[in-house]
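**Q** Got a structure for you, written out below as C-alpha cells; questions coming shortly.
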Amino acid sequence: MKTFLVGLNRTIYSLVLLLAVIVLNFILVHIAPGDAVTAMIGDMGGATPELVAKLRADYGLDQSLFTQLHTHIWKMMRGDFGLSFTHRVPVRDLILDHLPATILLVTTAFFLALITGTILGIIAAQKPKSLVSHVVTVLSLSGFAAPIFWTGLMLLIVFAYLLPLFPASGMKTPGFQGTGLEAIVDVLKHLVLPAITLASVYIAVYSRLARASMLDVLGSDYIRTARSKGLSRRVVVYKHALKNGILPVVTMAGLQFSQLIAGAVVVETVFSWPGIGQLAFNAILRRDHPLLLGILFFSTLMVVVANLITDSSYRILDPRIR
Amino acid sequence: MSNREKTDAAVRPDRPLAELWHMFFANKAAVLGLVLWLLVITTAVFGLTIHPGDPFAMVGAPMTPPGEEFLLGTDYLGRDVLTGIIHGASVTLAIGFSATVCTAIIGVTIGVLAGYYGRWVDNLLMRVTEFFQVLPPMLFVMVLISLFTPSIYLIVLAIAVVSWTGMARLARAEFLKIKEMEYVKAERAMGARNASIMAKVILPNALPPLIVAIALNVGTAILFEAALSFLGLGDPNAFSWGYMIGSSREYIWDSWWTITFPGFAIFLTVLGVSLVGDGLNDALNPKLREL
Amino acid sequence: MKQESLLQVKGLSVDFSTKAGNVRVLNQLDLHLLPGEALGIVGESGCGKSMTALSIMRLVPVPPGNIATGQILLNGTDVLQLTESEMEDIRGNEISMIFQEPMTSLNPVFTIGTQVSENIRRHQSKNSAQAKEKTLQMLEAVGIPAPKQRINQYPHELSGGMRQRIMIAMALSCQPSVLIADEPTTALDVTIQAQIFELLRQIQAEMGTSVILITHDMSVIAEFADRVAVMYAGRKIEEGLVRDIIDNPRHPYTQGLINCVPVLKTDPGTERVELNEIPGVVPSMAQLGTGCSFAPRCHKAIDRCYEEVPPEVTVGENHCASCWRVGEIA
C-alpha cells in the first residue's frame with residue numbers, strides 16, 4: 001500500500017513536471033521575437049495586413065495570453081503538437097517515427113555504460129594500487145575529457161575507414177532487403193559505433209563512481225561481518241558489496257539521464273542515426289520551432305519515464321527507502 | 001582504523017594555505033593538469049604573437065597534410081589548422097570561464113537561498129532545480145538558440161542556464177549542513193543578520209567543495225561550447241575548436257588532421273581542468289582522498 | 001590445573017604501515033584460551049585489543065597491516081599458515097565474532113533471514129528449508145520475539161539490541177568452539193547491555209563455547225569473565241584470574257583501571273569511593289619510546305622504566321605482570 005502511494009505520488013509529480021515543460025514551451029515561444037505568423041510571412045515573402053490579421057485569428061494569436069495558454073495546454077495534452085513548418089506533417093507523427101531509433105541508441109548505450117563502468121569500478125576497487133586501477137583512472141579521465149562528437153569521429157576514422165569493420169552512418173544498409181535475423185544483425189552493426197561513443201562518457205563517470213563507492217563499501221563493518229562468516233571473497237564482493245556499492249551509481253544514472261539524451265542528439269548527428277536528435281538538428285537549421293518544441297517535450301518525457309524507472313529500481317535495491 | 005585517524009590528525013595541523021599548496025603540488029596528476037592549463041593560457045595569450053595569422057584566411061592549398069609548410073596542415077578552404085587552434089584557445093577559454101562564472105552565480109545563489117531559508121523557499125527552489133534537471137541540456141539550448149538570435153552572450157547564458165543545477169544542489173547541501181553548526185547558531189543568537197551570516201559565516205566554510213565544483217565546471221562548459229559549435233550553433237564569428245571540427249567533418253575521409261588536432265586540443269584542455277579539479281579536491285577535502 | 005588450551009596466541013606481533021612509517025600495533029603477545037572459559041581482554045581504546053581479535057580471525061587488512069611474527073594455534077594448528085580458503089572454512093564455523101557496532105555490522109540491503117541462514121548454508125550441508133528451520137531456531141534461542149516475521153525484515157527495522165541478538169544468532173549458528181565478542185554492548189543502552197550479557201552467559205553454559213570478551217570496562221570483566229588479560233599499547237601487561245586481578249592488581253595500570261570503576265566495592269559503612277582516572281592519554285603507537293610504554297603516565301615510574309621493557313613476572317598461580325616494580329607493588 002505504501003509502495004503504491006509512493007509510486008502514485010511520483011507519477012503525479014512527473015505529470016506536473018511535464019505540464020511545466022508545456023508551459024515553458026509556451027513562454028519561450030512568446031518571449032521570443034516574432035511569432036508563428038511572422039515566420040510564415042517571412043517564408044511567403046511578405047503579405048497584406050488583412051492576410052496577417054486573418055492568419056493571426058486562425059492561429060488564435062489575437063486571443064488573450066491566458067486563453068492561448070489554455071488552448072496550448074489542451075492541444076498538447078491531446079497529443080496535438082501542431083504542424084512541422086518544413087515537413088508539413090503533424091509534429092507528433094514525425095517524432096514518433098524517429099523515437100524508436102533514439103530509444104534503441106540510448107538504452108543500449110546506457111546499459112553498456114552501466115555494466116562496463118560498474119565492472120571496471122569493482123575490479124579497480126579491489127586492488128586500489130594495482131595497474132588495473134590506474135588504467136580505470138586514466139580511462140575515466142579521458143572518457144570525461146574527450147568531446148563526445150570527437151570520440152565518434154575518431155572511432156569513425158579508425159573502425160569505418162582504416163579498418164572498415166562497421167558502417168559509417170545510418171541505421172540500415174541502403175537498399176538492404178533482408179528480413180528477420182539478417183535485418184537485426186544489420187541494425188546492430190550500425191549500432192556498435194554510436195552506442196560505444198555515447199557510452200564512453202558514462203563508462204568514465206560510472207567506473208569512477210563505482211570504484212569510489214565500492215572502496216567505501218568494502219571498508220564497511222558489514223563487509224567485515226560477511227568475511228567473519230567465512231564467505232569467500234567472490235561472494236563478499238559480488239553479493240554483499242555490489243548491492244550496496246551500486247546504489248550511488250543508480251542515483252547518478254537517474255540524475256544524468258537528461259544529459260544522456262542530450263548526448264544522443266550530438267551522437268546521432270555524427271553518425272546520421274535517424275533519431276529525434278538528428279530531427280532536432282535539421283529542425284534548428286530550418287528554424288522549425290513547432291518541431292523543435294515537440295522534440296523538447298518528448299525527450300523530457302523520456303527523461304521523466306526513465307527517472308520513474310530508476311526510482312523504482314532504487315527502491316527494489318535499497319529496502320531502507322522502500 | 002583508529003591508527004589512521006591519529007596519523008591523519010598528526011599531519012594536518014590547521015591546514016593553512018601553505019599546507020594546501022604543498023598537498024596540491026605533491027600530487028603529480030594535479031601538477032600535470034596545471035601544466036596543461038598554463039600551456040593553454042600561454043597559447044591563448046601569446047600564441048598569435050609567435051604564430052600570427054587570421055584563422056579565417058586562406059593561406060595555402062586546401063587540405064595540405066601536416067608537414068613542413070603547415071605544421072598541422074590546412075583545411076578544405078586552405079585555412080591553417082595551427083592558426084585556428086591558437087585562435088580557438090582564447091575563444092574556448094573566454095567562453096569556458098564566463099559560462100562558469102554565470103553558472104556559479106545562478107547555482108550558488110539558488111542553492112544558498114534554498115539551504116539557508118529551508119521550508120517553502122527550499123521546496124520551491126528545489127522543484128525548479130528538478131525541473132531544469134529533466135530538460136535535456138543540449139536540446140534546451142538548441143531551442144533557445146533557434147528562438148533567439150545566436151550570439152556569444154546568448155551561448156554563454158544558455159550554457160549557464162542548463163548547467164547550474166548541480167552547483168545549486170551542492171551549495172544547498174553544504175548550507176543545510178553548516179547552518180546547524182554551533183558557531184552559526186552562536187552568530188544568530190548574537191543577532192547577526194541573515195545576509196551577513198550567509199556571506200561571512202557559512203559561505204567561507206562551504207567554499208572548498210564549491211571551488212572544486214566550479215573548477216570542474218570549466219571543463220563541462222568548454223565541452224558544451226565545443227558541441228554547440230560543432231553542430232554549427234555557435235557564434236559564427238568565433239573561430240572555436242568545436243567550429244573547426246564541425247566545419248571540416250564532411251571531409252573526414254580526406255583530411256583527418258583538421259578533425260584530430262582541434263579535438264585533441266579540447267581533450268587536453270578539459271583533461272587539465274579535471275586533473276586540477278581532482279587535485280584541488282584532494283587538497284581541500286582530505287577525507288575524500290583515495291576516492 | 002594443567003588443561004589443554006583450545007586457542008593459543010604465541011609471540012604475536014602485528015605491524016601497520018602508515019604515512020608516519022611502520023607502526024607495531026601488537027607486540028609479542030601471548031594469550032591462551034581454555035575450553036569453556038570466558039577470557040576478558042581489557043584496555044583503553046587503541047591498545048590493540050581489537051587488533052588481537054582481527055588477527056585471530058585473520059581479518060587484519062593486508063596491506064597496510066602485516067602479521068610480523070608469532071603463531072595462533074587453534075587445537076594445535078597454526079591458523080596463520082592456512083590458505084585463505086581453509087581459513088574461510090574456520091571463520092563463522094570454528095571461530096565466530098560479534099562486533100561493536102550492531103547498527104552498521106549487518107548488511108542493510110539483505111533480510112535478517114538471508115544473513116543468518118547464509119552462515120549456516122556456508123558451513124553445513126543443509127538445503128534452504130533446513131537452513132531456514134535452523135535460522136528460526138537460532139533466533140528463538142537468542143530471544144527474538146516472533147522470529148517467523150523477523151526473518152523477512154531488514155536490519156533498519158530492528159533496534160540496536162535486537163540487531164546485536166541477530167549478530168549473536170549468526171555467530172553461534174554453527175556451534176563454534178570460540179566466540180570473540182568485541183565490545184558487544186558498548187553501543188547499547190545499559191539495560192540492554194545486561195540482557196546481552198545474560199544471553200551470552202546462558203549460551204556459553206548451554207553450548208560450552210569459549211568466549212573472548214574484549215572491552216574497556218573493568219566492571220564488565222568483573223561480571224562476565226573467568227580470566228583477564230590487561231593490554232596497554234600493544235602489549236599484555238598483566239594476566240590472571242579475574243578475582244586475583246581485582247583483589248590484588250600488580251601493575252600500576254591495572255590498578256588505575258580498577259580505580260576507574262566507580263562502584264566495585266560498595267560497603268554501606270565506608271565513605272563514598274572516589275572516582276579516579278589515570279592521568280594522561282594513551283600514547284600514539286607511532287611515538288613509543290624504549291622502555292615501558294606506560295611509564296610516562298605512571299606515578300610509580302623509576303628511571304629504569306624509561307629505559308628497558310619490563311619482562312613478564314609470575315606473581316602467583318596463573319597470575320603474571322610486566323612491571324619493574326612488581327615486587328614492591330602489592
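The values are calculated or read from the model by the stated rules, or taken from the named source; none is laboratory data. Owing to the predicted nature of the structure, the values given are computational and were not obtained by experimental measurement. A quick note on method: Cβ atoms are made from the backbone with ideal geometry, for glycine too, and the neighbour counts reach across all protein chains shown.
**Q** Can you tell me which condition A:Ala212 does not meet? The list is (1) away from chain B (no Cβ under 13 Å); (2) surrounded by fewer than 24 Cβ atoms within 10 Å (Cβ to Cβ), and all the others hold.
**A** (1)
**Q** Out of all the residues in region A:109-117, is one or more touching a Lys or Arg at 6+ places or on another chain (Cβ under 9 Å), in a helix (DSSP H, G or I) and buried (at least 17 other Cβ atoms within 10 Å of the Cβ)? Outline the logic, then answer.
**A** Taking region A:109-117 as the starting set, the residues that turn out to be touching a Lys or Arg at 6+ places or on another chain (Cβ under 9 Å) are A:117.
Narrowing the set further to residues that are in a helix (DSSP H, G or I) leaves A:117.
Those still in the list that are buried (at least 17 other Cβ atoms within 10 Å of the Cβ) too: A:117.
For region A:109-117, residues touching a Lys or Arg at 6+ places or on another chain (Cβ under 9 Å), in a helix (DSSP H, G or I) and buried (at least 17 other Cβ atoms within 10 Å of the Cβ): present.
**Q** I'd like to check which helices (runs of 4 or more DSSP H) are fully inside region B:173-291 and have at least 2 residues that are buried (at least 19 other Cβ atoms within 10 Å of the Cβ) and of a type outside the set (D, E, K, R). Steps first, please.
**A** Details: elements: B:182-189, B:203-230, B:241-248, B:257-284.
Once the helices (runs of 4 or more DSSP H) in region B:173-291 are filtered for at least 2 residues that are buried (at least 19 other Cβ atoms within 10 Å of the Cβ) and of a type outside the set (D, E, K, R), what remains is B:203-230, B:241-248, B:257-284.
Okay, residues lined up against (1) among the hydroxyl-bearing types (Ser, Thr, Tyr); (2) on the phi > 0 side of the Ramachandran plot; (3) within 24 Å of the chain's Cα centre (by Cα):
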| site | (1), (2), (3) |
| --- | --- |
| B:Pro52 | no, no, no |
| B:His87 | no, no, yes |
| B:Ala94 | no, no, yes |
| B:Phe97 | no, no, yes |
| B:Ala114 | no, no, yes |
| B:Val128 | no, no, yes |
| B:Ser151 | yes, no, yes |
| B:Leu154 | no, no, yes |
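**Q** Which of the residues spanning region A:136-151 are of a type outside the set (Val, Ile, Thr) and in a helix (DSSP H, G or I)? Give the steps one after another, and end with the answer.
**A** At the first step, the residues of region A:136-151 found to be of a type outside the set (Val, Ile, Thr) are A:139-147, A:149-150.
Listed by number, the residues that qualify are A:Leu139, A:Ser140, A:Leu141, A:Ser142, A:Gly143, A:Phe144, A:Ala145, A:Phe149, A:Trp150.
**Q** Which residue pairs have Cβ atoms closer than 6 Å, lie 6 or more positions apart in sequence or on different chains, and pair a first residue in region B:189-205 that is over 12 Å from B:Tyr116 (Cα atoms) with a second residue that is loosely packed, with under 12 Cβ neighbours inside 10 Å?
**A** Close Cβ pairs satisfying both conditions: none exist.
**Q** Further question: Taking into account only those residues within region A:278-288 that are more than 8 Å from chain B (Cβ to nearest Cβ) and either under 14 Å from the mean Cα position of the chain (by Cα) or assigned to a helix (DSSP H, G or I) (or both), which is surrounded by the fewest Cβ atoms within 10 Å (Cβ to Cβ)?
**A** Result: A:Asn282.
**Q** I want to confirm something. Restricting to region A:136-179 and keeping residues that are surrounded by 14 or more Cβ atoms within 10 Å (Cβ to Cβ) and polar (S, T, N, Q), which single residue is farthest from the other protein chains (Cβ to nearest Cβ)?
**A** Within region A:136-179, the match that is farthest from the other protein chains (Cβ to nearest Cβ) is A:Thr173.
**Q** Now a separate question. Among the residues of region C:51-67, is there at least one that is outside any loop (DSSP other than H, G, I, E, B) and within 21 Å of C:Ile245 (Cβ to Cβ)?
**A** Our first condition is that a residue be outside any loop (DSSP other than H, G, I, E, B); within region C:51-67, this holds for C:51-57, C:65-67.
Next, only the ones that are within 21 Å of C:Ile245 (Cβ to Cβ) stay: C:52-53.
Yes, region C:51-67 contains a residue that is outside any loop (DSSP other than H, G, I, E, B) and within 21 Å of C:Ile245 (Cβ to Cβ).
**Q** Checking the structure you have, find out if any residue of region A:256-267 is among the aromatic types (Phe, Trp, Tyr), buried (at least 22 other Cβ atoms within 10 Å of the Cβ) and within 12 Å of chain B (Cβ to nearest Cβ). Quick ask: steps written out before the conclusion?
**A** Going through region A:256-267, the residues among the aromatic types (Phe, Trp, Tyr) turn out to be A:257.
After this cut, where a residue has to be buried (at least 22 other Cβ atoms within 10 Å of the Cβ) as well, the list is A:257.
Now restrict to residues that are within 12 Å of chain B (Cβ to nearest Cβ): A:257.
So far as region A:256-267 goes, yes, one or more of its residues are among the aromatic types (Phe, Trp, Tyr), buried (at least 22 other Cβ atoms within 10 Å of the Cβ) and within 12 Å of chain B (Cβ to nearest Cβ).
**Q** Here is a follow-up. Can you tell me which residues in region C:1-52 are surrounded by fewer than 22 Cβ atoms within 10 Å (Cβ to Cβ), within 14 Å of chain B (Cβ to nearest Cβ) and of a type in the set (Lys, Arg)?
**A** Scanning region C:1-52 gives C:Lys19, C:Arg24.
**Q** Only residues in region B:144-170 that are within 9 Å of chain A (Cβ to nearest Cβ) count as the first member; pair them with residues that are among the basic types (Lys, Arg), Cβ under 7 angstrom, at least 6 apart or cross-chain, and list the lot.
**A** B:Ser146/A:Arg287
**Q** Tell me, which residue of region A:289-322 that is free of Cβ contacts under 8 Å to residues at least 12 places away in the same chain and within 14 Å of chain C (Cβ to nearest Cβ) is nearest to A:Gly79 (Cα to Cα)?
**A** Looking at residues that are free of Cβ contacts under 8 Å to residues at least 12 places away in the same chain and within 14 Å of chain C (Cβ to nearest Cβ), I get A:Ile316.
**Q** Report, by residue number, each residue of region A:81-107 that is outside any helix (DSSP H, G or I), surrounded by 15 or more Cβ atoms within 10 Å (Cβ to Cβ) and not β-branched (Val, Ile, Thr).
**A** Start the filter on region A:81-107 by keeping residues that are outside any helix (DSSP H, G or I), which leaves A:81-90.
Subsequent filtering for residues that are surrounded by 15 or more Cβ atoms within 10 Å (Cβ to Cβ) retains A:81-87, A:90.
Listed by number, the residues that qualify are A:Phe81, A:Gly82, A:Leu83, A:Ser84, A:Phe85, A:His87, A:Pro90.
**Q** Then there's this: When you scan region B:237-250, do you find a residue that is farther than 30 Å from B:Leu147 by Cβ and out of contact with any helix residue (DSSP H, G or I) (no Cβ under 8 Å at 6 or more places or on another chain), even just one?
**A** no
**Q** Something else about it: Select from region A:119-135 the residues that are outside any helix (DSSP H, G or I) and either within 11 Å of chain B (Cβ to nearest Cβ) or small (Gly, Ala, Ser) (or both) and write down the one among them that is surrounded by the most Cβ atoms within 10 Å (Cβ to Cβ). Break it down into steps so the answer makes sense when it comes.
**A** First pass over region A:119-135, keeping only residues outside any helix (DSSP H, G or I): A:127-130.
Next, only the ones that are either within 11 Å of chain B (Cβ to nearest Cβ) or small (Gly, Ala, Ser) (or both) stay: A:128-130.
Values: A:Pro128: 16, A:Lys129: 8, A:Ser130: 12.
Selected residue: A:Pro128.
**Q** Please find, among A:Gly275, A:Gly230, the residue that is in contact with a Lys or Arg (Cβ under 7 Å, 6 or more places away or on another chain) and either surrounded by 24 or more Cβ atoms within 10 Å (Cβ to Cβ) or at pLDDT 90 or above (or both). Even if it seems obvious, please write down each step before you answer.
**A** On the way: A:Gly275 fails: in contact with a Lys or Arg (Cβ under 7 Å, 6 or more places away or on another chain).
After ruling out the rest, the residue left standing is A:Gly230.
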